[in-house]
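The values are calculated or read from the model by the stated rules, or taken from the named source; none is laboratory data. Quantities reported herein were computed from a predicted structural model and do not represent experimental measurements. Virtual Cβ from ideal backbone geometry, glycine too; neighbours counted across all protein chains shown.
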Amino acid sequence: MVSETLNLILQLLIYPGFLFIFCLAFFSEWIMRKFVARIQSRMGPTYTGYGGVLQPIADFIKLLGKEDIIPALADRPFFTFTPLLYLALPLTAIFILPMASQSALISFEGDLIFLEFIFTMLTMMVFLGGFLSGSIFSMVGGVRAAIQLLGYEIPFLIALFSPSIPASSLSISKISAWQAQNNAWGLWTQPIGFSVLVICLLAELELLPFDIPEAETEIVAGWNVEFTGRRLALIRLGKDVEVVLASAILADLYLGGPQQVWIIPPIIIFLAKMFACLLLLGYLKTLFARFRIDQVLSGMWKYVVPAAMIQLIILKLIW
Amino acid sequence: MSREEEILRKLEEKFGEKIKGIRIQRSRRIFAEVNVEDLKDVLRYAKDELGFDHISTITGEDLGEALGLIYHIAYENSIELSIKTRIPKNNPKIVTIIDLYPPAGIYEREVHDLLGVIFDGNPDLSPLLLPDNWPKDVYPLRKDVSLEEMRALIEKGGGEK
Amino acid sequence: MMNISSLLKWARRKSPWIIHFNTGGCNGCDIELLAALTPKYDVERFGILLKGSPRHADILAVTGPVTNQTKDRLLRIYEQMPEPKYVIAIGTCAVSGAPFWDCYNVIGGVDKLFPVDVYVPGCPPRPEAIIQGFAKLFKKMEEEER
Amino acid sequence: MSGSTIRVIIGPQHPALKEPERFILETEGEYVVDVKVRIGYIHRGIEKAMENRTYLQGLYLSERVCGICSDAHTTCYVQGVEELLGVEPPPRSRFIRVVVAELERIHSHLLWLGVAAHEIGFDTLFMYVWRDREVVMDLLELVSGNRVNYATNTIGGVRRDLNDERIQKIVKGLKILEERTKEYLKMIEKEQTVLKRTTNVGILSKSDAIKYGAVGPTTRASGVKRDVRADDPYAAYDEIPFNVIVEDGCDCLARIMVRGKEVLESINIIREALKRMPSGEIRVRVKPRIPPAEALSRVEAPRGELLYYIRSNGTDKPERCKIRTPTLANIPALCKMLVGGYIADVPIVLAGIDPCFACMDRVLIVDREKKRADVWTLDMLRRYGREWYQRH
């Protein structure tokens, strides 16, 4: 009994818990930066550690050591809580995703709904953090994030839930296990759903062409313009974890998640799938110019929502 | 007859004595001088009848006793007609030409900033170039104030805001 | 404690984020600073990122002579930056105000307003010179307690 | 906040580039209804300083009016002074001036293309364009010895000659530039996100372009065929055949295309100039003192018509030297373009005239119930915002 508890704690803290996820988050930020830089025919971080791999960690440590400023106009409690929650929410969500083995650390029927809830909460955090930090830029950024939510929320929901229909389960672990066993990856059986989910995740992560809430040339840094030091460090880490989360969702719901192939452990297969999704997101990010907020809303409702619906109808007809 | 000579002849015919010292300096450059009262008539004639539809800029300068203004207007972007006029320094007032050339508004603001000429009828003569804490009644392009004096004045006048 | 401070110094040196402000220059230094970000020079190799918000930045890169109108704005940006902060003056204008030294609307170099850590002379300095300026600044970060 | 007009202040600090300036926009909902301009953050007082410097010293000052179009400024200045003196620069120097001016136009237009891409968030294109801009920067360095302020022109000619080796290198570099520019133009024409952000944005009709006195590529993108190089030839432009690029789109896309095609046209002009270049002297000596006279000099800078008015008084210093930069001439037209457009389009429309200043971000929104003074500092805005939230 004692050893079981200890085991769980170890799992939570080290592998595949906090430490592993933080390392993964930093590593994925490095991959993303390096990949984007290579596409733009630049080098990207080079001299911090081997090939610049320690760059995100250096950024993090430096931000921890900076002066902590709370603007006089900011709402103190919220200004403190927002970065914390912004990191804690995606971290929580990661535990319900199967990574190291076919079943997640915490898995229950209906955790897909919980995931959806966490994503909406994240956007609310962006909105609150921007709205209450007292600067007009951050306010505009926060409001833009909330408006954008209206655009992608519905297709996101549909694309998130459509893999659960063939697997007839609302548990992420069961869905990915079903896909792995039947060799029916969501990517092949429902390609439209996959592309809808990718588009919505780009919007959720505020990557180009949907980085409207933090459009540098329009509103400086957007909703996080006033955050400094520790808070900014937490926000950046939260963002990295969110990127990991997004690619993990794609890998789990549409690529069959962790599965044992021959003697390769599931985690390796999973990481390979996850980084493939990460690079896909990074690649899309470099391809486009930024949309205008009204173009996002109308485009989402005109094209992406119908596409998600069609996918749902096709699924219903087959299964 | 070249286009320049034709324009010169038409201007002389229309305004006769009112237009002084009109000359073609080189191809595509005409200089002329008029009194303040006739300025607007000449400009209107040049715009409506001769087709000078582009205003390049308004140059203001300090001529000692008077302030000089030069209106540079262009015909089909090639022939530049520069019309000079003078206004007294102690009462630097002239009528605006934004009804003829809308972009003149911004040039008039510039001349107002740097030389203190007041353009009657221009709705917006707020500072365009000079800083917000600029001392009043100091006009940098007037020759009676030297650079050293101006710097001293700025240091005194600045600071608030 | 020694280890933590040296770790911090390492992180600071490896992750310098800059904010750029033109105080009234001719654009020459600005385009060279921007050129330093682009593929041929790519200062992201050293971890340098250009940030829009003074709250996120460590280094204030100033180009151009300080004019009367931008003085307050520049001071405010400097005050908004969190400690520890560094200032780098790029181009002869930001160093001393020349060749606009006697213009009525120019105060002079940036060091009339606040201390400058590294001066990069040149009209405009080449991107290589700007990168060398940053390298000097990293050395200063390492040696100096702040 | 519904119903009332809202004041949006843009400026004066930009994360990417350019000098600080400020625009005050009055908006209703998402639309801009009125624009007020406040430039002068970079006002240094060059015109006054010119009066205190000799003609040769003034040359260096005019070079530093603007770092991007520095060669256009010196060309305009030396042409004015040469006219005062009655000196003709030798023919070879006039061709070299054309070569440097067109190289500078390529550099400036490519720079602008990158910045416009950055403005609509297309950083990859920005990086690519700036990578290839380094080719022309290298050529400029080869010709003049410096990357930005070339100091090629001097009163009575140019300072550095072109030899065969340099000409060969220029021809080689131009070939690369031509290929790349064509590729980018093809891509911009097809890329949906770019088209979405630029077509029918910032409309300036042909009649408005004339009425509001727009100059340079801005007016040519509205279908007005005006180019000082063709209409009022200077240097060696009357001896080189070239086309004036005109587009009828009247929107931001047309402005991109005009500049892109002008890069290609400039490449042709340089080739032609190198082919026809006569041999001989590159410079004549001139006297430092200039008899009283006046001269009006015009040059087509990358951004449009640049104008210098110089008057001499018999000493070695000018009596008056007036500079009219193309950006100032485009501001009335810019205000016209912004009115009636979306707030989100303001950055790209501002960038559309290729302003030599401008800072398009820092969008501040303030309620306009209390009709206060025009100039608000950032702190005032914040305090005001705070009060507003407490009341509502």
Matching residues in segment B:127-142 - criterion: being facing another protein chain (nearest Cβ under 8 Å) and either acidic (Asp, Glu) or in contact with a strand residue (DSSP E or B) (Cβ under 8 Å, 6 or more places away or on another chain) (or both): B:Pro127, B:Leu128, B:Pro131, B:Asp132, B:Leu141
Spans of helices (runs of 4 or more DSSP H) in segment D:125-233 with at least 3 residues within 14 Å of chain B (Cβ to nearest Cβ): D:206-211, D:216-220, D:228-231
Hey, D:Asp238 part of a helix (DSSP H, G or I) and modelled with pLDDT under 90 or not: yes
Of all residues in segment B:101-117 being of a type in the set (A, V, I, L, M, F, W, C) and under 17 Å from D:Lys336 (Cβ atoms), the one that is modelled with the lowest pLDDT: B:Ile106
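Need a quick list: helices (runs of 4 or more DSSP H) entirely within segment D:28-115 having at least 2 residues that are under 27 Å from D:Ser312 (Cβ atoms) and at pLDDT 90 or above.
Values: elements: D:46-51, D:55-63, D:70-85.
In segment D:28-115, the matching helices (runs of 4 or more DSSP H) lie at D:70-85.
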Residue in segment A:76-96 that is in contact with a Pro (Cβ under 7 Å, 6 or more places away or on another chain) and more than 11 Å from chain C (Cβ to nearest Cβ) present: no
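To keep it simple, each residue is scored yes or no on (1) within 30 Å of D:Val346 (Cα to Cα); (2) not hydrophobic (A, V, I, L, M, F, W, C).
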| site | (1), (2) |
| --- | --- |
| D:Leu84 | no, no |
| D:Glu88 | no, yes |
| D:Val115 | yes, no |
| D:Asp132 | yes, yes |
| D:Leu142 | no, no |
Lone qualifier among A:Trp223, A:Trp188 - being at pLDDT below 85, in a helix (DSSP H, G or I) and within 14 Å of chain C (Cβ to nearest Cβ): A:Trp223
Matching entry among B:Asp38, B:Asp53 (being farther than 28 Å from D:Ala333 by Cβ and either at pLDDT 85 or above or β-branched (Val, Ile, Thr) (or both)): B:Asp38
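Which ones in segment D:230-265 are basic (Lys, Arg) and buried (at least 23 other Cβ atoms within 10 Å of the Cβ)?
Of all residues in segment D:230-265, those basic (Lys, Arg) come to D:255, D:259, D:261.
Within segment D:230-265, D:Arg255, D:Arg259 meet the criteria.
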Among residues of segment A:31-57, those that are in contact (Cβ under 8 Å) with a residue 24 or more places away in the chain, of a type in the set (S, T, N, Q) and outside any helix (DSSP H, G or I), counted: 1
Search result, residues across segment C:1-47 that are at the interface with chain D (Cβ under 7 Å from one of its Cβ atoms) and closer than 17 Å to A:Tyr47 by Cα: C:Pro39, C:Lys40
Total residues in segment C:81-137, condition within 14 Å of chain A (Cβ to nearest Cβ) and of a type in the set (Ser, Thr, Tyr): 1
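Tell me the residue from A:Ser133, A:Ser138, A:Ser164 that is small (Gly, Ala, Ser) and over 30 Å from A:Ile293 (Cβ atoms), please. I'd like the intermediate steps shown before the answer.
Numbers: A:Ser133 fails: over 30 Å from A:Ile293 (Cβ atoms); A:Ser138 fails: over 30 Å from A:Ile293 (Cβ atoms).
So the residue among A:Ser133, A:Ser138, A:Ser164 that is small (Gly, Ala, Ser) and over 30 Å from A:Ile293 (Cβ atoms) is A:Ser164.
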Verdict on A:Ile310 being in a helix (DSSP H, G or I) and surrounded by 15 or more Cβ atoms within 10 Å (Cβ to Cβ): no
Inter-residue pairs, beta-carbon under 8 Å, first surrounded by 16 or more Cβ atoms within 10 Å (Cβ to Cβ) and in segment C:101-115, second of a type in the set (Lys, Arg), 6+ apart: C:Cys103/D:Arg44; C:Cys103/D:Lys48; C:Tyr104/B:Arg151; C:Tyr104/D:Lys48; C:Asn105/D:Arg44; C:Val106/D:Arg44; C:Ile107/C:Lys71; C:Leu113/C:Lys71
Breaking point among (1) touching a residue at least 24 places away in the same chain (Cβ under 8 Å); (2) surrounded by fewer than 21 Cβ atoms within 10 Å (Cβ to Cβ), for A:Glu4: (1)
So D:Arg271, is it of a type in the set (D, E, K, R), surrounded by 23 or more Cβ atoms within 10 Å (Cβ to Cβ), more than 14 Å from chain B (Cβ to nearest Cβ) and at negative phi: no
